[in-house]
Each structure stands twice: as structure tokens, then as C-alpha cells.
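The values are calculated or read from the model by the stated rules, or taken from the named source; none is laboratory data. Quick caveat: nothing in here was measured; it's all calculated off a predicted structure. Counting neighbours? That spans all protein chains shown, and the Cβs are built from the backbone with ideal geometry, glycine included. Calculation scope for accessible area: heavy atoms of the full protein, side chains included, ligands and nucleic acids excluded. Shrake-Rupley method; radii C 1.70, N 1.55, O 1.52, S 1.80 Å.
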Amino acid sequence: METSALTTAQTAASRAPSKAAVSADFDTFLKMMTTQMKNQDPTKPIDSADYAVQLATFSGVEQQTKTNQLLEGLTSQFGVLGMAQLAAWVGQEARSAAPVYLGDEPVTISYQPKTHADRAVLVVKNAQDQVVSREDVSREGGTYQWLGADAAGNPLPNGIYALSLESYSGAQPLGDATAVESYAKILEARGGANGPTLVLAGGVEVNATEITALRVP
């Protein structure tokens, strides 16, 4: 079966999206079309309308490739703009549901018990996913200064901890545990495939879209 110039050009264009490659592909397309014309059956010449269709289609492929390049450039510019805006966040404290770094100072947390709860319990897990503390907190919710102590009241070692909140009505748990947010200082803003990432105290990383509040320390 004879391969048309259009098919060859489209394949080449999809593999080489750069400006130089598009130009080379167009030259290849013209050479293939010329060869196709020279080797056509004289008794059954290719209709000129077919050539027009091939030219128009290749032009569309070329235009789409250039459009994709433009979009990639805009995406890159938007990423730089986002990083420039996030630079102003560095040094502030961000609130998120990311794991908590416990250092030498209390950690400000924010939580909200479920409706009709008459008891709220803060559950603390270490980096090994082991529960190291269960602490009753106000059922009213809001902010709370977590001191970082175990069940016996002894200070927990410095490190990364995961916090969650259990809500109860009497002895009956009200569904699954919910997320607990905490404030942590922003040390760095990074770009990445999944968007800008913020590095918090203790090396905790969180996507910028997961930040729910900012405050000046």
C-alpha cells in the first residue's frame, strides 16, 4: 500500500514538536508529495483536490504544534508568576492539615468537633504510625496550644507527628476521625510537576493549594 505524504508528515510532526523540526517536516512533506506526483499512475492521476486536502491538513498539524508550544510557554510563565507570589509567604506561618513538626515550642492547632459531640479527643501518632497520645480537648473547637506530651504527661521527643480528632456523643464515636490543622513557619517555596510546594518547619512539605490560612508569626 502506498504511504501518502500527509501520513508521513503527520507522524513526523507528532514526534518532533520543535520549531526546527516542524520546518524539517514540512520539507519532508513537500519531497514526499513531489515523489508521489512523479510516481503516480498516468492513467489514474491523483485528483488535485486531494493535494489541497493534504496541504490544508498538514497546515493544521503545523498550527496545532505551534499552539502547543505557545501554551507550554504560557504555563511556564504562570509557574514563575506563582513562585514570585509565594515568595512573599516565606517567613509567615501557614495553616494546613499536613503532619506537625514538634520542636521546643508549643504548636498552634485548629480543629472542629462534629455536630452534637460532647467530647473531643486529640489523637497523636508518631512517624511509625503508632498512637503515642490521646488527649481530651474542648468540645467547642477553635485553636489550641498543643504542648506535645504523651499519655503520662511526659514531653514527646522532637519530630514529625500526625494529628487527628475523634468526636464522641457519650461513649459512641461520631464517625471516623477528622483532620486537625496546625500552623507552621514557611521556610521555602518550590516549583514542581504538581504545582508549587511549600517547605514548612521540620522539613514538612505541603502543596500550596492545601494552605487554608496565613499569619505573621
Looking at the stretch 123-136, which of the residues that are in contact (Cβ under 8 Å) with a residue 24 or more places away in the chain and assigned to a loop (DSSP other than H, G, I, E, B) is surrounded by the fewest Cβ atoms within 10 Å (Cβ to Cβ)? 129
Evaluate the following for residue 139: is it basic (Lys, Arg), assigned to a loop (DSSP other than H, G, I, E, B) and in contact (Cβ under 8 Å) with a residue 12 or more places away in the chain? yes
Across the stretch 192-217, the tally of residues that are among the small types (Gly, Ala, Ser) and either modelled with pLDDT of 90 or more or under 18 Å from residue 162 (Cα atoms) (or both) stands at 4
Can you name every residue in the stretch 190-217 that is more than 19 Å from residue 142 (Cα to Cα), open to solvent by less than 80 Å² (accessible area, probe 1.4 Å) and outside any strand (DSSP E or B)? 191, 192, 195, 196, 201, 202, 203, 204, 208
Among the candidates 120, 152, residue that is modelled with pLDDT of 95 or more and either among the aliphatic types (A, V, I, L, M) or assigned to a loop (DSSP other than H, G, I, E, B) (or both): 120
Taking the stretch 151-189 and the residues there that are in contact (Cβ under 8 Å) with a residue 24 or more places away in the chain, farther than 21 Å from residue 103 by Cβ and among the polar types (S, T, N, Q), the one that is surrounded by the fewest Cβ atoms within 10 Å (Cβ to Cβ) would be 169
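Regarding the stretch 83-91, can at least one residue be identified that is free of Cβ contacts under 8 Å to residues at least 40 places away in the same chain and surrounded by 18 or more Cβ atoms within 10 Å (Cβ to Cβ)?
From the stretch 83-91, those free of Cβ contacts under 8 Å to residues at least 40 places away in the same chain are 84-85, 88; that's our starting set.
Imposing the further condition that a residue be surrounded by 18 or more Cβ atoms within 10 Å (Cβ to Cβ) reduces the set to none.
Within the stretch 83-91, not a single residue is free of Cβ contacts under 8 Å to residues at least 40 places away in the same chain and surrounded by 18 or more Cβ atoms within 10 Å (Cβ to Cβ).
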